[in-house]
Amino acid sequence: MDELREASTGVTWSHPGGNGLIVSSTLARLGVHTTLCAQVGDDATGELIRHFLERSRVDTSDLGVAHGIQSRRCRIRIDPNGEWQPETATPPSFPFLPDRFLHSVAGCDRFHLAGLPVMLRFAPNETTRLLHAYRDKGTPVSLSLSQFTPPERDRLLAGIAPCDFLFCALSEFRHLVGTEIAGRDDCLGALATSPFLNCVVTLGAVGAVAKWSGTQLLSAKTAAVRARNTVGAGDVLTAAFLAAWLREPDPTSALRTAVATASLAVQARAWDDWLSSDIDSELERCDVSTVADPKTLPRHG
């Protein structure tokens, strides 16, 4: 649960948050049947989170309750430009990887792990076993690479398979490739020489870039908007990309839809305070282009 405070007004409010919750809720909202494997505390906050997920039409049959543990709460400051800064957070209650979830791989069309670095930090063996179980079954795997530090880079790289879909912010991508990246073209150049086949890097309010199928480089731009709250925007983008990809496996269309949906999210008071019917009008403000000649980009590696 996020406890949000607007720095300019001092107004505070609570809202469900966290990588897994935001991705799963947004997927379900966009019409994708989604099951969330996670854990909440046996407290009032845990009940609020469960009810929120159920209202969002997320399957909570694998949502566990940690008896005697309070649900995690994060205090976040929202700056006047919509950017956010974490202030305090209670410790996460990891791991929660029930055996029955490991055995359910055959019936799953796609597996997304939200927050791979955190899972590897708290439950490395169980997380590795889970990823191998899905890959061995041929289930497509996607990963959010949020909240990792440079010393964890080698362990994170060992957990990524060539066929995985990767989603990360620019700051996280810098850590991942181990080099400084100045902007859009620099990021595209780093993507071009990276070993990752399918990777989406968010660039904040200006859009995103992607590398697909090992060679295709895409650049997505959106019209300038007034960001009110950017908390969860990257997770909304991830979910919108996956939802669009499941409907039609076209990276250009999926990236455009993802950037448009994230743009709606940052203009709202909270990450879910937008209407699906507004996505079409936002799509008109987004443009996705293919980099014709990667040799013109800054070189990395």
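Of the residues in segment 187-230, how many are more than 16 Å from the chain's Cα centre (by Cα) and either among the aliphatic types (A, V, I, L, M) or part of a strand (DSSP E or B) (or both)? Number of matching residues: 19. Selection within segment 133-173: residues that are touching a Leu at 6+ places or on another chain (Cβ under 8 Å) and β-branched (Val, Ile, Thr). The member of this set that is nearest to Ala239 (Cα to Cα) is Val141. Against the test of being touching a Pro at 6+ places or on another chain (Cβ under 8 Å), more than 20 Å from Ala254 (Cβ to Cβ) and of a type outside the set (D, E, K, R), the options Gly159, Gly189, Gly183 yield a single qualifying residue, Gly189. In summary, strands (runs of 3 or more DSSP E) completely within segment 1-99 and bearing 2 or more residues that are of a type in the set (Ser, Thr, Tyr) and surrounded by fewer than 17 Cβ atoms within 10 Å (Cβ to Cβ) occur at 12-15. Hey, could you check segment 43-75 for residues that are under 21 Å from Thr12 (Cβ atoms) and hydroxyl-bearing (Ser, Thr, Tyr) and say which is farthest from the chain's Cα centre (by Cα)? Here the residue is Thr45.
Restricting the first member to segment 123-151 and to residues that are without any contact (Cβ under 8 Å) to a residue 40 or more places away in the chain, and the second to residues that are acidic (Asp, Glu) and not in a loop (DSSP other than H, G, I, E, B), the beta-carbon pairs closer than 6 Å and six or more apart or on different chains are Leu145/Glu172. So Asp186 ticks every box in (1) touching an Asp or Glu at 6+ places or on another chain (Cβ under 9 Å); (2) crowded, with 23+ Cβ neighbours inside 10 Å but one. Which box is left unticked? Result: Asp186 passes all but (2). Suppose we filter Ser171, Ser144 for residues that are buried (at least 20 other Cβ atoms within 10 Å of the Cβ), among the hydroxyl-bearing types (Ser, Thr, Tyr), under 19 Å from the mean Cα position of the chain (by Cα) and closer than 20 Å to Gly18 by Cβ; which single one remains? So the residue among Ser171, Ser144 that is buried (at least 20 other Cβ atoms within 10 Å of the Cβ), among the hydroxyl-bearing types (Ser, Thr, Tyr), under 19 Å from the mean Cα position of the chain (by Cα) and closer than 20 Å to Gly18 by Cβ is Ser144. Annotation: of all residues in segment 280-301 being β-branched (Val, Ile, Thr) and surrounded by fewer than 18 Cβ atoms within 10 Å (Cβ to Cβ), the one that is modelled with the highest pLDDT is Thr290. For segment 231-242, state whether one or more residues are over 20 Å from His112 (Cβ atoms), part of a helix (DSSP H, G or I) and polar (S, T, N, Q). For segment 231-242, residues over 20 Å from His112 (Cβ atoms), part of a helix (DSSP H, G or I) and polar (S, T, N, Q): absent.
The values are calculated or read from the model by the stated rules, or taken from the named source; none is laboratory data. Computed from a predicted model, the values in this text were never measured in an experiment. For neighbour counting, all protein chains shown are included, and Cβ atoms are generated from backbone atoms with ideal geometry for every residue, glycine included.
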